[in-house]
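The values are calculated or read from the model by the stated rules, or taken from the named source; none is laboratory data. No experiment lies behind these values; they were computed from the predicted model shown. Cβ placement follows ideal geometry from the backbone for every residue including glycine, while neighbour counts extend to all protein chains displayed. The area values use the complete protein model at the heavy-atom level, side chains included, leaving out ligands, DNA and RNA. Shrake-Rupley method; radii C 1.70, N 1.55, O 1.52, S 1.80 Å.
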Amino acid sequence: MTEAQAGGPTVRRMLVGAQLRRLRLEQAITREQAGEAIRASEWKIHRLENGQVGFKERDIVDLLRLYGVTDPGETAALVSLAHEANQPGWWQQYGDVLPQWFRAYIDLESAAALIRTHEGQLVPGLLQTEDYMRAVIGGMLDELPEEAERRVTLRLTRQELLARADAPRLWAVIDETALRRPVGGRKVMRAQLERLVEAAQLPNVTLQILPLAAGAHPAMVGAFSILRFADAELPDVVYLEHLAGALYLDRREDVAQYLHVMESVSVRAAQPDQTASILGQIAEELADA
């Protein structure tokens, strides 16, 4: 299993933290009591259990002892996973062009079993052509050409997950507005539309177009993604990006709200079997313009 397939350090930290939380709750031990056992605060236990920080082997061993884990094999397995969680992700080589706040998303994306995304302004990154990427990056960022090319390479590498043997299912709802904006010019945009037609034929990709005629809808506040994982220990995660960073939401009530919005736009969007026809019509209009 490659680094990307395993999900990277973020997902491993979440797995270790989720197991520690489950063991603590089974023993009815408070975070404060757990913190005292490793000479730390309740807040540190909170961060450990949410996969927000790395792990020290001594802390893992002490917590497992407190939680009543006596099987050496179980202890060794969790310690090993914690060691792996402290290793850098495959994206480390792109650290010069990769914002800190986006690194966790790459790990989560790599480990997801289902990715649901709504985009109102752009084609989703996993479905962009190389020329479309360059046009987007060039239009949004003021940086040297070599830095822009490294961002393109990084995005192309991310796209490889859709062709994996254990590829996630991608369910994207794209606003028609994003498809009519000639990013990079008409030629680039027509090629992008053709790429979307091809992607819609993939067995693990569901693509819907939200027509302009749908009018106002709950997702007009902005783009977002919901990631679901095969491992029951991991919660669903909502990803929201803004100019200065990103938000990761995993509280059940927050996720439920975004799931409701996603279901709403999916119902309002054209059915997946209409996608190719709609894309073809938009491409024709671009060619005639």
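For THR75, the conditions (1) open to solvent by less than 40 Å² (accessible area, probe 1.4 Å); (2) of a type outside the set (A, V, I, L, M, F, W, C); (3) part of a helix (DSSP H, G or I); (4) within 30 Å of THR177 (Cβ to Cβ) are fulfilled apart from (4). Scanning segment 85-117 for residues that are of a type outside the set (A, V, I, L, M), modelled with pLDDT of 85 or more and under 23 Å from PRO145 (Cα atoms) yields a total of 9. Contact list please: Cβ distance under 6 Å, first residue in segment 272-289 and under 14 Å from ALA178 (Cα atoms), second residue part of a helix (DSSP H, G or I) and open to solvent by 60 Å² or more (accessible area, probe 1.4 Å), pairs at least six apart or on different chains. So the pair list comes out as ALA283/ARG190; LEU286/ARG186; LEU286/ARG190. Considering every residue within segment 153-165, establish whether at least one is in contact with a Lys or Arg (Cβ under 8 Å, 6 or more places away or on another chain) and in a helix (DSSP H, G or I). No.
When ASP107, ASP59 are screened for being under 19 Å from LEU234 (Cβ atoms) and of a type in the set (Asp, Glu), only ASP107 passes. Scanning segment 45-72 for residues that are in a loop (DSSP other than H, G, I, E, B) and within 14 Å of VAL11 (Cα to Cα) yields ASN50, GLY51, GLN52, VAL53, GLY54, PHE55.
Restricted to segment 224-289, the set of strands (runs of 3 or more DSSP E) holding at least 2 residues that are open to solvent by 80 Å² or more (accessible area, probe 1.4 Å) comprises 237-242. Hey, does segment 206-214 have a residue that's closer than 19 Å to ALA113 by Cβ, at pLDDT 95 or above, hydrophobic (A, V, I, L, M, F, W, C) and open to solvent by 30 Å² or more (accessible area, probe 1.4 Å)? No, that holds for no residue.
Yes/no matrix, rows are residues, columns are (1) among the acidic types (Asp, Glu); (2) open to solvent by less than 70 Å² (accessible area, probe 1.4 Å); (3) in contact (Cβ under 8 Å) with a residue 40 or more places away in the chain:
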site	(1), (2), (3)
ALA28	no, no, no
GLY35	no, yes, no
ARG39	no, no, no
VAL53	no, yes, yes
TYR67	no, yes, yes
GLN87	no, no, yes
ALA104	no, yes, yes
ALA112	no, yes, yes
ILE115	no, yes, yes
